[in-house]
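Input: a single structure, listed below in structure tokens.
The values are calculated or read from the model by the stated rules, or taken from the named source; none is laboratory data. Keep in mind that what you see is a predicted model, and the values were worked out from it rather than measured. Positions of Cβ are backbone-derived with ideal geometry, glycine not excepted, and every protein chain shown enters the neighbour counts. Heads up: the accessible areas ignore ligands, DNA and RNA and are worked out on the full protein's heavy atoms, side chains in. Shrake-Rupley method; radii C 1.70, N 1.55, O 1.52, S 1.80 Å.
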Amino acid sequence: QVQLVESGGGSVQAGGSLRLSCAASGRAFSTYAVGWFRQAPGQEREFVAAMNSGYGTYYADLVKGRFMISRDNSLKTIDLQMNSLSPDDTAIYYCVAKPTGDVVISSRMWDYWGRGTQVIVSS
């Protein structure tokens, strides 16, 4: 069983940056794929970024070049550095993990979810 707890959300003006962090518990964290999804009001959850167990990274087109995912297996953390934020990035951001090391963009395929952290970007 893996528990995920996000932190670092908040309010920022357009063009600003935020860094989200996720603390994970559980064994064999280094073998897990990890990632981030987000959900804006009235919209479905959407894939943002992910990293497989081999440190390969994957990004949604909307965030490519602006967001960067990283992981620290010794600390069991997953970070999401978000730059050049726009109001369209406003959403609840969820940390996710799955025990097999590959990355998939479907939310249904991720086994563990944090409770989410709110990000608000004002224009």
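Enter the accessible area of residue 106 (Å², nearest 10), with the probe set to 1.4 Å and all protein chains included.
Accessible area, nearest 10 Å²: 40 Å².
For residue 69, what accessible area in Å² do you get when you roll a 1.4 Å probe over the heavy atoms of the protein chains, rounding to the nearest 10?
Taking all protein chains as shown, residue 69 has close to 10 Å².
Where in region 1-99 are there GluC sites (Glu not before Pro) that are in a DSSP coil and have at most 10 other Cβ atoms within 10 angstrom of their Cβ? Show your work: numbers first, answer last.
Working: sites: 6, 44, 46; in loops: 44.
Sites meeting the loop and neighbour criteria: 44.
Assuming 0.36 nm per residue, please report the length gained on full extension of the stretch residue 81 to residue 68 beyond their Cα-Cα distance.
Details: separation 13, 0.36 × 13 = 4.68 nm, distance 0.51 nm.
Result: 4.2 nm gained on full extension.
Give me the number: length gained by fully extending residue 25 to residue 120, i.e. 0.36 nm times residue separation minus the C-alpha to C-alpha distance, one decimal in nm.
Numbers: separation 95, 0.36 × 95 = 34.20 nm, distance 2.72 nm.
Gain in length upon complete extension: 31.5 nm.
How large is log10 I(q)/I(0) at q = 0.17, 0.19, 0.20, 0.23 Å⁻¹ when the Debye formula is applied to the Cα atoms of the chain, each weighted equally and without solvent?
Here log10 of I(q) over I(0) equals -0.76, -0.95, -1.06, -1.39.
What's the whole-number percent of alpha carbon pairs in region 60-123 lying beyond 14 angstrom?
Details: 1354 of 2016 pairs.
I get 67 percent for the Cα pairs in region 60-123 exceeding 14 Å.
Residue 64 accessible area, nearest 10 Å², 1.4 Å probe?
120
Build a GNM of the chain with springs between Cα atoms under 10 Å: which of 65, 54, 42 gets the top mean-square fluctuation?
Residue with maximal mean-square fluctuation among 65, 54, 42: 42.
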